[in-house]
Amino acid sequence: MSELFTTASIRHIETRALARLPAGTLMARAADALAQATARLARSLAPGRPILALVGPGNNGGDALLAALRLRQWGFDCRALSLAATAPTLAAAADAAAAWRECAAAGLMPTPAGDDETALEQALSDSPIIIDGLFGIGQTRPLQGMAATITRAVRQRELPVVAVDVPSGIDADRGTVIGGTGGIAIRAQATVTMIADKPGLHTGAALDHVGRVLVAPLDIATDIAAERHDGRLFDAAAAAATLPTRPRDSHKGRFGHVLVYGGDTGLRGAALLAARGAQAFGAGKTSIGSPGGPLFDPGQPQLMVAPEEPAFGAFDVVVIGCGLGASPPAAARLAQALAQARALVVDADALTMIANDQALAQALAHSTAPKLLTPHPLEAARLLGVPADAVQSDRIEAAQTLAARLTCTVLLKGAGSIVADPGGAWSIIAAGGPALASGGTGDVLAGLAGALLAQRMDCTAAACLAAWTHGTAADRWQARRRWSGGLNPADLPALARDVLAGLNEGCE
């Protein structure tokens, strides 16, 4: 599990390091890391392509320019294009100014982009490999003027890009394109992020811009360790460490009884998918109940049928909401589950009813049982009483707010799913993609999480492991077919179980 640091935390680390190191040390190390990553990219492409450093006004520009000098010394054809005609003069960019002087002395002077596009057209005419040093983690305003023009030109030509720290135009804390739908950002094949990893590289729109993320710690481990991380990236290593083991002397009673309650008329498949997910992830027993009457899965005879009005407290975990509908009986069963269940996974229609009924929301918030909510962005927006765009503009904050308000663990689904607990701790799931954009995949996820809760895993660990395994299963399915459409949600339980089996065998 990798540690994630916000921009404020990175600044604290950087300040400590700069205070004890000779001037220019961090920039020199950053340039080395950039040059190595760019050289690897260049060697993977047709030989002879030049390298163009895009040089912004700050230290990111200095990193890019100095990396270009390193690459030229290694034999690459390197040039530079700058937003400004002269070196930076701000005290905050003193290292960048020194880099400009070093490069000028070596004969690598950036060409000013100017106010027209002539210099830009010439610089891009031979399809160079780009080092994006326009702006970094301190950027708060949308790309404008020549910076936006350069970004559009690079994107239109689909040029290969190595980004410095963060692709220009991407919010390093939130993963959004700065400026929203009116903004623009660089699309990179690789992002070399300095000092430590950032949350905005792993969630939201950023996932279509960052490419492969490479962390360059710049040999300042002591300074990094002195700053408490802000969040975590839940990856394969974290999943392997989280996976519970089973003693050989086991029986089904040790692994819990999950009730999946939902699947009203016309929506019955949703509950069946969730129940299959629970069974695939090792629940000792799985039952299905529905306000629409008995629900039986002939393809899965091991799944038991619960009564229409079950004793919710008799089960170790209740997964409620998948295809539940919004009828009066459904609302009554939800209220009973919130009052009686020993542990809860709340999904789909149950979330909508809670958003629309203050009494249900209060019952959820006051319940002392372990509770996991699994909303997609629109469901989270309803629960928070805000537009969906507001959720997506800061996914981490939205998940934290919802977790605190309803005293639940929240799994906010989407690109770079967020898991937040009521105390404010959060993780980003390093798995999942467009193959999951199909009705029914979320029902499977709810069942997976329910099974892990039934095996006495805490809510945060269950949410992270279920989401990572679910996402990885879909990612592998997509990689095998080289297309993201058409994943059958009914196949997901077995695919996810295979991912877990690989972890258990040490295959990750």
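The values are calculated or read from the model by the stated rules, or taken from the named source; none is laboratory data. What you are looking at is a predicted structure, and each value in this text was computed from that prediction instead of being measured. As a convention, Cβ positions derive from the backbone with ideal geometry for all residues, glycine included, and neighbour counts pool all protein chains shown.
Points worth noting:
- From the options Asp443, Asp458, Asp498, residue that is in contact (Cβ under 8 Å) with a residue 24 or more places away in the chain, of a type in the set (D, E, K, R) and in contact with a Gly (Cβ under 9 Å, 6 or more places away or on another chain): Asp443
- Lone qualifier among Ala330, Ala280, Ala361 - being assigned by TED's automatic domain parsing to the domain that holds Ser417, of a type in the set (A, V, I, L, M, F, W, C) and in contact with an Asp or Glu (Cβ under 7 Å, 6 or more places away or on another chain): Ala330
- One residue from Asp208, Asp235, Asp264 being under 18 Å from Ala163 (Cα atoms) and either of a type in the set (Asp, Glu) or in the same structural domain as Ser438 (by TED's automatic domain parsing) (or both): Asp208
- Asp297 at pLDDT 95 or above, in the same structural domain as Phe255 (by TED's automatic domain parsing) and of a type in the set (D, E, K, R): no
- Top-ranked residue of segment 125-181 - restricted to ones that are among the acidic types (Asp, Glu) and at pLDDT 95 or above, ranked as surrounded by the most Cβ atoms within 10 Å (Cβ to Cβ): Asp132
- Residue check, Lys285 basic (Lys, Arg) and surrounded by fewer than 19 Cβ atoms within 10 Å (Cβ to Cβ): no
- Taking first residues from segment 307-325 that are at negative phi and partners that are surrounded by fewer than 24 Cβ atoms within 10 Å (Cβ to Cβ) and assigned to a strand (DSSP E or B), the Cβ contacts under 6 Å between residues at least 6 apart in sequence or on separate chains come to Phe315/His257; Asp316/His257.
- Ala361 farther than 20 Å from Thr469 by Cα and outside any loop (DSSP other than H, G, I, E, B): yes
- For first residues located in segment 37-51 and more than 17 Å from Leu214 (Cβ to Cβ), partners that are surrounded by fewer than 19 Cβ atoms within 10 Å (Cβ to Cβ) and among the basic types (Lys, Arg) and lie 6+ apart or on another chain with Cβ distances below 7 Å form the pairs Pro50/Arg79.
- Entirely in segment 208-310, the helices (runs of 4 or more DSSP H) that have 3 or more residues that are under 30 Å from Thr25 (Cβ atoms): 221-225
- The sole residue among Leu338, Leu384, Leu360, Leu406 that is under 26 Å from Gly325 (Cβ atoms), buried (at least 24 other Cβ atoms within 10 Å of the Cβ) and not aromatic (Phe, Trp, Tyr) is Leu338.
- Qualifying residue in segment 25-47 (condition: modelled with pLDDT under 95, surrounded by 17 or more Cβ atoms within 10 Å (Cβ to Cβ) and polar (S, T, N, Q)): no
- Of the residues making up segment 48-57, at least one is more than 27 Å from the chain's Cα centre (by Cα), more than 17 Å from Ala80 (Cβ to Cβ) and not charged (D, E, K, R).
- Flag if Ala274 is closer than 28 Å to Thr368 by Cα and more than 31 Å from the chain's Cα centre (by Cα): no
- Residue in segment 260-276 that is hydroxyl-bearing (Ser, Thr, Tyr), closer than 28 Å to Gln336 by Cβ and in contact with a helix residue (DSSP H, G or I) (Cβ under 8 Å, 6 or more places away or on another chain) present: yes
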